[in-house]
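This report concerns only the one structure given below.
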Amino acid sequence: MADLHLLLDGRRLKAQARERRQAMQRVLYEALRDAIAQGRLQAGAVLPSSRDLARDLAMARNGVIHAYEQLAAEGYVQPSRQGTVVAAFSAASSSVWQTRQRDRVASSPSAEVAQRVRQCSRRRTPEDDLRAFMPGMPALDAFPLPTWLRLCDRAARQGSTQDLGYRHAVGEPELRQAIATYLRMARGVRCHADQITVTDGTQHSLALCAQILADVGDTAWIEHPGYGGARTALAQAGLTLQPVTVDAEGIAPPEDWWQSRPPRLIYITPSHQYPLGSVLSLTRRLHLIERARRAGTWILEDDYDGEFRHDGPPLAAMQGQVADAPVVYLGTFSKSMFPALRLGFVVWPEALADRVTGVVGGLVLQGRPFEQRALAAFIDEGHFTRHLRRMRKLYAIRQAALREALQRHWPVPGQILGGQAGMHLVLSLPAADTALAQAAYQRGISPRPLSAYGTGGVEGFNGLVMGYANTHEDHMATRVQTLVSAWRGL
């Protein structure tokens, strides 16, 4: 068995086990398996006894026995009178294995992803998302975590084994009722609990809307610039996307498009356009509703952070401004609470509610009853409203600190857009923004380039989308000075 001793070295195998954080028996099994598959151990070769090999490798005999048993179970070796023998399978397969290894990348069907997802890319880490100026990240340091954990613990203790199966496809009844009550009082939404479907967040909500309300090839109007998640969800559903440029009053589709490019869906963020921050004027809201009604179009109203208005009370949702409006209302708790919660909701028009409930049951397998009931209690007991009230005040303070720091330290003329609501501002730039965003990232802060929010429209936008909710007001000036340093280093 000199050949085997050349293949197996106890010190090398132990080093591999430490590096891979694997058990020694696993590393031994893989080394023998690869040697057999590659033909370095020929069919008929007799392996040493488990006792001898364990002694030679300075490892436990049970580990060798386990490796041999695994190889036998997979057909690489077989028992015989002589001992453990390499199976004849290896001789026939070694050349095939080597060919496959050589051509694996070129021939594998997984070497390229599907075309519909090739534009998807998100390589940011959780640590990146917590950096200063990351858009969409709420003030996690100000969330009442002890209260939330207490409610989660109570919900879990009150659970039963019945809660461990698949749950209501449209969400837990307690949460749907709590959401409906809150929306009627705080956002002016016309709804009841039977119209609500709980989802895993806005992108999941959009995917459901696209699947349920449109067919492959239908046209969807989307804001330009706009939310990349909406573009991804609608495109993956096979819809044809038509970007509509946003101005100071929100989305402004040309009138003739209703005939030449009729939409089945229109995705908008009317209370606080993402990312430019404009508010869709009342005139445009009413006109859009009327034109959509006449065209048989559904409006998808994404109210992602409408609660955080800084110059007055929150604006009423577009959905509730006209009775029986053809508006599907989307909400999320990722901004009002925290992103890891992964809970959002859809409010379907009343005329659709009954039909949608059955359809959703065929598309969604719901779970997480304890988190949903904890959230219902968080809302019903008033913690949610109190938290929003505190965050409105805090975000107003942090936005003012960011504006002051930009006015004091930013070295070039630039218009600041948005600010009436939400958790971010846009700093317009006279030149390309991608390089500056990358340079800022290298210095430990994460503003996003405005150009990255383009949805395919002709008009170009350059600037930085700067979240301020997750950056303490006392650190704002220092972070802006870091951004200035990145600008000067280009």
Check: Does ARG448 fit the bill of being under 24 Å from SER334 (Cα atoms), of a type in the set (Lys, Arg) and surrounded by 14 or more Cβ atoms within 10 Å (Cβ to Cβ)?
Finding: yes
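Mind checking which residues of region 166-195 are touching a His at 6+ places or on another chain (Cβ under 9 Å) and either under 18 Å from VAL359 (Cβ atoms) or part of a loop (DSSP other than H, G, I, E, B) (or both)? Talk me through it step by step, then tell me what you get.
Of region 166-195, the ones touching a His at 6+ places or on another chain (Cβ under 9 Å) are 176-177, 180, 184.
Answer for region 166-195, where residues must be touching a His at 6+ places or on another chain (Cβ under 9 Å) and either under 18 Å from VAL359 (Cβ atoms) or part of a loop (DSSP other than H, G, I, E, B) (or both): just ARG176.
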Residue hits (region 459-490; touching a residue at least 60 places away in the same chain (Cβ under 8 Å), in a loop (DSSP other than H, G, I, E, B) and of a type in the set (A, V, I, L, M, F, W, C)) are PHE461, ALA469
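Taking region 240-256, which residues are in contact (Cβ under 8 Å) with a residue 24 or more places away in the chain and more than 22 Å from the chain's Cα centre (by Cα)?
Within region 240-256, the first condition is being in contact (Cβ under 8 Å) with a residue 24 or more places away in the chain, and the residues that meet it are 241, 243-253.
PRO243, VAL244, THR245, VAL246, ASP247, ALA248, GLU249, GLY250, ILE251, ALA252, PRO253, listed by residue number.
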Here the residues within region 237-263 that are surrounded by 20 or more Cβ atoms within 10 Å (Cβ to Cβ) and in a loop (DSSP other than H, G, I, E, B) are ALA237, LEU239, PRO263
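Give the residues of region 260-281 that are over 30 Å from PRO447 (Cβ atoms) and either in contact with a Gly (Cβ under 9 Å, 6 or more places away or on another chain) or in contact (Cβ under 8 Å) with a residue 24 or more places away in the chain (or both), sorted by residue number. Reasoning before the result, please.
Of the residues in region 260-281, the ones over 30 Å from PRO447 (Cβ atoms) are 260-265.
Within region 260-281, ARG261, PRO262, PRO263, ARG264, LEU265 meet the criteria.
Yes/no per residue for (1) surrounded by fewer than 24 Cβ atoms within 10 Å (Cβ to Cβ); (2) touching a strand residue (DSSP E or B) at 6+ places or on another chain (Cβ under 8 Å); (3) not assigned by TED's automatic domain parsing to the domain that holds ASP380:
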{"site": "GLN177", "(1), (2), (3)": "yes, no, no"}
{"site": "GLY201", "(1), (2), (3)": "yes, yes, no"}
{"site": "HIS204", "(1), (2), (3)": "yes, yes, no"}
{"site": "ALA207", "(1), (2), (3)": "yes, no, no"}
{"site": "LEU213", "(1), (2), (3)": "yes, yes, no"}
{"site": "THR219", "(1), (2), (3)": "yes, yes, no"}
{"site": "GLU223", "(1), (2), (3)": "no, yes, no"}
{"site": "ARG231", "(1), (2), (3)": "no, yes, no"}
Within region 404-424, residues being loosely packed, with under 15 Cβ neighbours inside 10 Å, touching a strand residue (DSSP E or B) at 6+ places or on another chain (Cβ under 7 Å) and either modelled with pLDDT of 90 or more or among the small types (Gly, Ala, Ser) (or both) number 0
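The values are calculated or read from the model by the stated rules, or taken from the named source; none is laboratory data. Quick caveat: nothing in here was measured; it's all calculated off a predicted structure. With ideal geometry, Cβ positions are generated from the backbone for all residues, glycine too; neighbour counts draw on all protein chains shown.
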